[in-house]
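**Student:** Before anything else, here's the structure in question.
The values are calculated or read from the model by the stated rules, or taken from the named source; none is laboratory data. All figures in this text were calculated on a predicted structure; none of them were measured in a lab. Because the Cβ atoms are built from the backbone with ideal geometry, glycine has one as well, and the counts that use them run over all protein chains shown. Ligands, DNA and RNA are stripped out before the accessible areas are found, and what is left, the full protein with its side chains, is counted by its heavy atoms. Shrake-Rupley method; radii C 1.70, N 1.55, O 1.52, S 1.80 Å.
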Amino acid sequence: MTEPNADDAMAADYVMGLLEGAEHAAAERRIATDDAFARAVSAWRERLADLDATADETPPSPALWQRIADATKAEPIYSPPSARAALRGATLWNNIRFWRGAGIGGVFAALLFAAIMVGALITSRQLRNDMIALAQRKPIYVAVLVNDATKEAGAIVNTFANGRVELIPLRPIDVPAGRTLQVWTLWDRTIGPKSIGLTGQSRTLQLDLGSLPETVPDQLFEITLEPEGGSPIGRPTGPILFKGNAARAL
């Protein structure tokens, strides 16, 4: 079984067109047979489509069109070589110094080509790493948590491509002595809400959704005021201070 991080990197490489030959064929087979890998590929297509949508359209420059035109010009027709040129060619054919030099030049050309290909591979991998880092810095879903009575926004929840979920308070939240703030999420009413964080003060909090399914649109997040140490029954017991539903980030 492959590691999840390796699967995610392979999915990113596939979407960005960095896989070739056997690697590309293996990815195609996994998409058809491995649901988790297919979901990872779909997720990367969505992430990179979002990034692509933010890019400004850039028309090709006149210099580019000129290079294309120059490259597509017809090759000139050369006349057959003269007898002198043919004789010189025959002499070179039997010249060991010429072939020794040509051989050394060929070796250098092969080494140069290999260096260029290795450099291109490194550049492609670096591009993939940069794209992954950029996608992971952008939230996939955002939930704005609002107080029902005052209609004031109290916090936001950001979920990221790498599974990280954070709660950021937008205003101070009073926490009386002996009480705590508890963060919950609800994605399936038949299962009920699950606790994903505790804090004794209003602060940025990394939430724990590692054992839960991936965040989905309209998933509920809420903050309740609970006894110190958290709800004793594993369900919200105190007043709901703020709540909101996840929506795909713009």
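**Student:** Counting only C-alpha contacts under 8 Å and six or more residues apart, can you give the relative contact order of region 144-217 as a whole percent? Mind dumping the intermediate values first?
**Tutor:** On the way: 116 pairs, mean separation 19.4, N = 74.
This gives 26 percent for region 144-217.
**Student:** Also, I was wondering about something else. With a Förster radius of 22 Å, plug the Cβ-Cβ distance of ASN245 and LYS151 into 1/(1 + (r/R0)^6) and report the FRET value to the nearest 0.05.
**Tutor:** On the way: r = 15 Å, r/R0 = 0.69.
E between ASN245 and LYS151, to the nearest 0.05, is 0.90.
**Student:** Between GLN201 and ASN5, what FRET efficiency follows from the Cβ-Cβ distance if R0 is 35 Å, with the result rounded to 0.05?
**Tutor:** On the way: r = 33 Å, r/R0 = 0.95.
The formula returns an efficiency of 0.55 here.
**Student:** Here's a follow-up. Say a paramagnetic label sat at a point 7 Å from the Cα of GLU228, along Cα to Cβ; which residues of region 166-185 have their backbone N under 11 Å from it?
**Tutor:** Once the point is set 7 Å along Cα→Cβ of GLU228, 177-180 turn out to lie under 11 Å by backbone N, inside region 166-185.
**Student:** Looking at region 196-246, which GluC sites (Glu not before Pro) are in a loop (DSSP not H, G, I, E or B) and have at most 15 other Cβ atoms within 10 Å? Before the final figure, lay out the partial values.
**Tutor:** Details: sites: GLU214, GLU222, GLU228; in loops: GLU214, GLU228.
Qualifying residues, ordered by number: GLU214, GLU228.
**Student:** What is the sum of charges around GLN201, taking Lys and Arg as +1, Asp and Glu as -1, for the other residues whose C-beta is under 12 Å from the C-beta of GLN201? Please report the intermediate quantities before stating the final value.
**Tutor:** Numbers: positive: ARG179, ARG203; negative: ASP174.
Result for the neighbourhood of GLN201: +1.
**Student:** Give me the net charge for the shell around LEU225: Cβ to Cβ below 13 angstrom, other residues only, Lys and Arg +1, Asp and Glu -1. Mind showing how you got there, number by number?
**Tutor:** Working: positive: ARG179, LYS243; negative: ASP174, GLU222, GLU226, GLU228.
That works out to -2.
**Student:** Could you calculate the contour length gain from ALA36 to LEU220, that is, 0.36 nm times the residue separation minus the distance between their Cα atoms, to one decimal place in nm?
**Tutor:** 63.8 nm
**Student:** Still on this structure, I have one more. Percent of accessible area on region 136-218 owned by carbon and sulfur, 1.4 Å probe?
**Tutor:** Values: 2270 of 4530 Å².
On region 136-218, the fraction of accessible area on carbon and sulfur atoms equals 50 percent.
**Student:** Given the peptides 148-159, 177-188, arrange them by the average over their residues of other C-beta atoms within 10 Å, most packed first. Please list the in-between numbers first.
**Tutor:** Working: 148-159: 16.2, 177-188: 17.8.
Averaged packing, sorted descending, gives the order 177-188, 148-159.
**Student:** Moving on. What net charge do the residues around VAL216 carry, taking every other residue with its C-beta under 11 Å from that of VAL216, with Lys and Arg at +1 and Asp and Glu at -1?
**Tutor:** Values: positive: ARG248; negative: ASP188, GLU214, ASP218.
Overall, the nearby charge balance is -2.
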